[in-house]
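J.: Just passing along the structure, written as structure tokens.
The values are calculated or read from the model by the stated rules, or taken from the named source; none is laboratory data. None of these values were measured; they are calculated from a predicted model. Cβ atoms come from the backbone with ideal geometry, glycine included; neighbour counts cover every protein chain shown. Quick note on the areas: whole protein, heavy atoms, side chains included, nothing else; ligands and nucleic acids left out. Shrake-Rupley method; radii C 1.70, N 1.55, O 1.52, S 1.80 Å.
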Amino acid sequence: MGFPSSEHSDHIDVPAYLARLGLEHEPPSLDALFRLHAAHVERVPYEDFEVQLGRVTSLDPAVSFGRIAAGRGGYCYHLNGAFSALLRALGYQVTRHPSGAQMAGGEAGIHLNHLALTVTGLPETPEVGWLVDVGLGDGIHQPLPLREGEYKQGPLVFRIRPSEVTPGGWRLDHDPQGSFLGMDFAPETAVMADFAEKHVELSTSEDSGFVRTLVLQRRDADGVDSLRALTLTGLPGGKTVLDSPAEWWTAIEDVFGVPRGGFTGEEQDRLWRQAVAQHERHTAGGSEASPSA
């Protein structure tokens, strides 16, 4: 069962979306799905700029796509919401699921701090469901079959197993090097409105990692690039503190593909000042909290 057509999910420009991903239109297949997924996590960053600017964004996938088309990204609700709309428009059988990402020190559960996707009915593997998730930041690079096992992608190893917190659901265990412990999703179908209350909390609460720390992440076949406040980290690789606005914005543009020109001068200054303040709190003994979705 897929998501209802009554949502705004169909109102995306498919050719423009594919152009953003650098791909041509092709019929549904396992190989095509892998190409779509890999291109999305490589080209569309996981980022919380709108939260940092004090704005609660729409969960309408068409609105999320508009931001993606302009060279931006978002977090799970935006990325997986828009991507699922694209997949459906291309003819894939895609379902949105209520989900929960488990952070360090937190409990596993369907907290609705994450939106998960599955694809079924592929011509090559009609009996196999696939976890499709472009909204986990340093998560999977390509889809994973919903079969218990371990799967290596670049420097990271993931495990798929039945969930212990939701009957009939599945659990993705992240690599110990990752930014979160794992993610559980329920078998039921979700609609975007199911996440609205949690989205407001994640966008506004002082306890939210998105509010506390500016974050960008980009995944490719070889690893992960992450920026938290002023600290740029490569996996595998080292850490660099970007201590000037010119260096910081250059990394945002060159590493994550986010155009500086997409922000006003005041917004650019505000984002830089907030990142500096967050870095100073962290180095003074605070915490650059990981995001929650």
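J.: Cβ-Cβ distance below 6 Å, separation of 6 or more or different chains: which pairs start in the range 193-215 with a residue that is closer than 24 Å to Trp249 by Cα and open to solvent by 30 Å² or more (accessible area, probe 1.4 Å) and end on one that is among the hydrophobic types (A, V, I, L, M, F, W, C) and modelled with pLDDT under 95?
T.: Arg212/Ala289
J.: In addition: Residue under question is Gly137, and the condition is that it be under 25 Å from Asp48 (Cα atoms), in contact with a Ser or Thr (Cβ under 7 Å, 6 or more places away or on another chain), of a type outside the set (A, V, I, L, M, F, W, C) and open to solvent by less than 40 Å² (accessible area, probe 1.4 Å); does it hold?
T.: Working: under 25 Å from Asp48 (Cα atoms): yes; in contact with a Ser or Thr (Cβ under 7 Å, 6 or more places away or on another chain): yes; of a type outside the set (A, V, I, L, M, F, W, C): yes; open to solvent by less than 40 Å² (accessible area, probe 1.4 Å): yes.
Against the criterion (under 25 Å from Asp48 (Cα atoms), in contact with a Ser or Thr (Cβ under 7 Å, 6 or more places away or on another chain), of a type outside the set (A, V, I, L, M, F, W, C) and open to solvent by less than 40 Å² (accessible area, probe 1.4 Å)), Gly137 qualifies.
J.: Select, from Gly137, Gly100, Gly105, Gly73, the only residue that is under 21 Å from Val211 (Cα atoms) and touching a Pro at 6+ places or on another chain (Cβ under 6 Å).
T.: Numbers: Gly137 fails: touching a Pro at 6+ places or on another chain (Cβ under 6 Å); Gly100 fails: touching a Pro at 6+ places or on another chain (Cβ under 6 Å); Gly105 fails: touching a Pro at 6+ places or on another chain (Cβ under 6 Å).
Exactly one residue qualifies, and that residue is Gly73.
J.: Hey, another quick one. I want to confirm something. Restricting to the range 252-273 and keeping residues that are of a type outside the set (Asp, Glu) and over 27 Å from Asp220 (Cβ atoms), which single residue is most open to solvent (accessible area, probe 1.4 Å)? Break it down into steps so the answer makes sense when it comes.
T.: Here is the first cut: in the range 252-273, the ones of a type outside the set (Asp, Glu) are 252, 255-265, 268, 270-273.
Next, only the ones that are over 27 Å from Asp220 (Cβ atoms) stay: 264-265, 270, 273.
Numbers: Thr264: 74, Gly265: 46, Arg270: 78, Arg273: 136 Å².
It comes out as Arg273.
J.: Additional query: With a cut-off of at least 3 residues that are out of contact with any helix residue (DSSP H, G or I) (no Cβ under 8 Å at 6 or more places or on another chain) and farther than 26 Å from Val255 by Cα, name the strands (runs of 3 or more DSSP E) lying wholly within the range 29-148.
T.: It comes to 93-102.
J.: While we're on this one: Just wondering, is there one or more residues in the range 181-189 that are more than 20 Å from Asn113 (Cβ to Cβ) and buried (at least 20 other Cβ atoms within 10 Å of the Cβ)? Steps first, please.
T.: Going through the range 181-189, the residues more than 20 Å from Asn113 (Cβ to Cβ) turn out to be none.
No.
J.: Is one or more of the residues making up the range 223-238 of a type outside the set (Lys, Arg), open to solvent by 30 Å² or more (accessible area, probe 1.4 Å) and more than 19 Å from Gly137 (Cα to Cα)? Give the derivation first.
T.: As a first pass, look at the range 223-238 and keep what is of a type outside the set (Lys, Arg): 223-227, 229-238.
Checking the rest, the ones that are also open to solvent by 30 Å² or more (accessible area, probe 1.4 Å) come to 225, 232-233, 235-238.
Imposing the further condition that a residue be more than 19 Å from Gly137 (Cα to Cα) reduces the set to none.
Taking every residue of the range 223-238 in turn, none turns out to be of a type outside the set (Lys, Arg), open to solvent by 30 Å² or more (accessible area, probe 1.4 Å) and more than 19 Å from Gly137 (Cα to Cα).
J.: Follow-up question, since we're still on this one. Hey, can you tell me all the residues within the range 25-56 that are open to solvent by 20 Å² or more (accessible area, probe 1.4 Å) and in contact with a Gly (Cβ under 8 Å, 6 or more places away or on another chain)?
T.: Within the range 25-56, Pro27, Pro28, Arg43, Glu50 qualify.
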